[in-house]
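Asks: Handing you this structure, nothing more for now.
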Amino acid sequence: MNPEIAAYNEQQTEVEKEICSLLATEIDVNLPEAESKIWHAHPVWFIDGNPIVGYSKLKSCIRLLFWSGQSFEEEKLQKEGKFKAAEMRYTEVSQINTEDLARWLDKSKNIQWDYKNIVKQKGILERLK
C-alpha cells in the first residue's frame, strides 16, 4: 500500500480505518497497474493520468467514488455531481461487498471518461466555434 494512503487510513477512527484499509487493499489487488497517491487530501488511483477511484471521509461515512461510475450501469452506485461520477457510502466494514467492488473496479479499467484532457478539449472546442 502506498505509504501516504496508509498514513491517511491511520488518521481515521477504528471503524473508518477498517473500511479504508479494506478499500485500499481491494483497489490495489484489482488495479495493480494504477498509480495511487493522495490527491486533494484523499486517496485516489489513476490509470494513464485519469482519476479512476478514490475514497474520502465525510462527516457520517467513508465515500467510495468512481469518476466514471455512472457509466457502469450499476444499481448500487449512486450518482454524484454533475459529471459522470458515482459513489457508494460505508459506515461499517461489513457493508463492503468485495464481489461488487471487484466488478466495479474491473469496469473502471474499461470505462473511463478522459478527465485529464477535459480542460484541454474544452479549450479546443471553444476555439473551433
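Values quoted throughout were computed directly from the atomic coordinates according to the rules given, and no laboratory measurement underlies them. What you are looking at is a predicted structure, and each value in this text was computed from that prediction instead of being measured. Neighbour counts are summed over all protein chains in view; Cβ atoms, including those assigned to glycine, are modelled from backbone coordinates with ideal geometry.
Asks: When you count, for each residue, the other Cβ atoms within 10 Å and take the mean per peptide, how do 62-73, 15-26 rank with the highest first?
Replies: Packing proxy ranking, top to bottom: 62-73, 15-26.
Asks: Counting other C-beta atoms within 10 Å, which of VAL44, VAL53 has the fewest, and how do the rest follow?
Replies: So the residues, fewest neighbours to most, are VAL44, VAL53.
Asks: Based solely on its DSSP helices, what 222 nm [θ] is calculated for the chain when runs of n ≥ 4 H residues each add -39,500 (n - 2.57) and the sum is averaged over all residues, nearest 500 deg cm²/dmol?
Replies: Calculated mean residue ellipticity at 222 nm is -12000 deg cm²/dmol.
Asks: Find which of LEU58, SER21, ALA102 sits farthest along the positive direction of the dipole of the stretch 3-128, computed with +1 on the beta-carbon of Lys and Arg, -1 on that of Asp and Glu, about the Cα centre.
Replies: Positive-end residue among those listed: LEU58.
Asks: Strictly over 26 Å apart at the Cα level, which of LYS82/LYS109; LYS59/LYS84; LYS59/LYS107; LYS17/LYS84 would you flag in this model?
Replies: Over 26 Å Cα-Cα: LYS59/LYS107; LYS17/LYS84.
Asks: Related question: Multiplying the sequence separation of ASP48 and ASP106 by 0.36 nm and subtracting their Cα-Cα distance, what value in nm do you get?
Replies: 19.3 nm
Asks: Follow-up question, since we're still on this one. For the chain, with only Lys/Arg (+1) and Asp/Glu (-1) charged at the beta-carbon, what is the dipole magnitude about the Cα centre, in debye rounded to 20?
Replies: In total the dipole reaches around 880 debye.
Asks: What FRET efficiency, computed as 1/(1 + (r/R0)^6) with R0 = 35 Å and r the Cβ-Cβ distance, is obtained for GLU99 and LYS59, rounded to the nearest 0.05?
Replies: According to the calculation, E is roughly 0.80.
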